[in-house]
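Inspection log for the structure reproduced underneath, given as structure tokens.
The values are calculated or read from the model by the stated rules, or taken from the named source; none is laboratory data. Everything numeric in this text was worked out from a predicted model, so none of it was measured. Every residue, glycine among them, receives a Cβ derived from its backbone with ideal geometry; neighbour counts consider all protein chains shown. Accessible surface is based on the protein model in full, side chains and every heavy atom, while ligands, DNA and RNA are left aside. Shrake-Rupley method; radii C 1.70, N 1.55, O 1.52, S 1.80 Å.
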Amino acid sequence: MDIDLSPKLTQKLYGGDGGSYHVWCPNELPMLKEGNIGAGKLFLAKNGLALPHYSDSAKVAYVLQGNGVAGIVLPEKEEKVLAIKTGDAIALPFGVVTWWYNKEDTELQILFLGDTKTAHKQGSFTDFFLTGSNGIFTGFSMEFVCRAWDVDESTAKALVGNQKDNGIVKVDAGAKMPEPNKDHRNGMALNCLDAPLDVDIKGGGRVVVLNTKNLPLVGEVGLGADLVRLDGNAMCSPGFSCDSALQVTYIVRGSGRAQIVGVDGKRVLETTVKAGNLFIVPKFFVVSKISDSDGLEWFSIISTPNPIFTHMAGRTSAWKALSPEVLQASFNVTPEVEKTFRSKRMNSEIFFAPTN
């Protein structure tokens, strides 16, 4: 594979006093277009409001930092107003209308990863704003606005012309905004930092997997996701998605090294990864990571709602299931070497703590 797989940072798309929106560009990260994946980050300052909009793609949102409020309107449903905080994952099916608000001093940061197979542009999200200087009202004539919403011309002109900002605005400090409803979180969001762990290995790392069981809406989105926290100097077992799924990984915090091996046993990527990086593992390629001393945390989406992985090292690896005679012949080694190889990592699974 000749496509550049190296990690990339975002580029600012738009913004102002209320915050900004940044994206990863398919021209810089070609695997986005190749894999039909979009990726973006929203930054909201205090009193920043991301105006109501819908997208041409289904997404998973992950709150990287801060506390805020999200408004979500599923097709032909009532608005859900959710309190959101660091670690929250929210499934956003195709056609959903959302707005995002931050009333805290700490900047609110939200990651969006999604499938662009329905999008206007492969590898990119296109958002359609209901309001703002580029909202849908601005494209219709006064006659159409007046008739569609049954308002007089002065009201129509106010609806179309009063909002001068694009995408993100800063709300007046004293303005009243909707209060979250704690019941609205049910089935809409899952906090990955508070959720039961799917994997917990002392000195190695921890995993929370989002699937149709703990967040049913991911079935509608068509994506699975996980949050992985690797301890300092620990290693994540080499593994691959065995159901032809792409893995899109955002480094939340920390740093480390990553290697990807592809067709014909060729190493197609060897790189250092750090917070803010995004990189993509192609279908069936094997990936492994080793964290630096400060640990490594990443959030990934997988292009299937219930992903299946095969690990190549550890107690549950494919090697352990193969017959000794087959391994001996395949590696062309003595029985003693095969026995030594098989005897290792009998108590380790997925993550490997650093050796003394």
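For the stretch 249-293, the convex hull drawn through the C-alpha positions has a volume of 59 cubic angstrom per residue. A Stokes-Einstein calculation at 4 °C with viscosity 1.567 mPa s, built on the Kirkwood radius of the chain over Cα pairs, returns a diffusion coefficient of 59 µm²/s. So what is the relative contact order of the stretch 179-303, in percent, for Cα pairs below 8 Å that sit 6 or more residues apart? Answer for the stretch 179-303 is 29 percent. Think of the chain as having a plus end and a minus end, set by charges on the Cβ of Lys, Arg, Asp and Glu; of Leu246, Pro335, Leu108, Pro335 sits farthest toward the positive end of this dipole. Of the trypsin sites (Lys or Arg not before Pro) found in the stretch 218-309, the ones in coil according to DSSP and having at most 12 other Cβ atoms within 10 Å of their Cβ are Lys266.
Remark: relative contact order (the chain) = 17 percent; criterion is Cα-Cα distance under 8 angstrom and separation of 6 or more residues. Scattering from the stretch 36-172 was approximated by placing one identical point on each alpha carbon and applying the Debye formula without solvent; log10 I(q)/I(0) at 0.09, 0.11, 0.18, 0.22 1/Å stands at -0.29, -0.44, -1.07, -1.33.
Applying the criteria of a DSSP loop state and at most 11 other Cβ atoms within 10 Å to the trypsin sites (Lys or Arg not before Pro) of the stretch 166-195 yields Lys176.
Probing with 1.4 Å while keeping every protein chain in the model, the per residue accessible area of the stretch 44-122 equals 36 Å².
In the elastic network of the chain, a GNM with C-alpha springs shorter than 10 Å, the most mobile of Asn27, Asn211, Asn166 is Asn27. Taking the inverse of the mean reciprocal distance over all distinct Cα pairs, the Kirkwood hydrodynamic radius of the stretch 66-133 comes to 13.7 Å. Estimated from helical segments only, the mean residue ellipticity of the chain at 222 nm is -3000 deg cm²/dmol, where each DSSP H run of four or more residues counts as -39500 (n - 2.57). Charging the Cβ of each Asp and Glu at -1 and of each Lys and Arg at +1, and nothing else, the dipole of the stretch 126-170 about its Cα centre rounds to 160 debye. The accessible area of Val337, taken with all protein chains in place and a 1.4 Å probe, comes to roughly 80 Å². Shape of the stretch 135-192 from the C-alpha gyration tensor: prolate (a/c of 1.5 or more and a/b above b/c, with a ≥ b ≥ c the square roots of its eigenvalues).
In this Cβ point-charge picture (+1 for Lys and Arg, -1 for Asp and Glu), the stretch 10-163 has a dipole of about 340 debye about its Cα centre. Across the protein chains, with a 1.4 Å probe defining accessible surface, the residues Leu327, Leu13 rank Leu13, Leu327 from largest area downward.
Scanning the chain for GluC sites (Glu not before Pro) in DSSP loops with at most 12 neighbouring Cβ atoms within 10 Å leaves 79-356 as the longest stretch between them. Given in Å, the Rg to one decimal and the Dmax to the nearest whole number for the Cα atoms of the stretch 163-254 are 18.4, 53.
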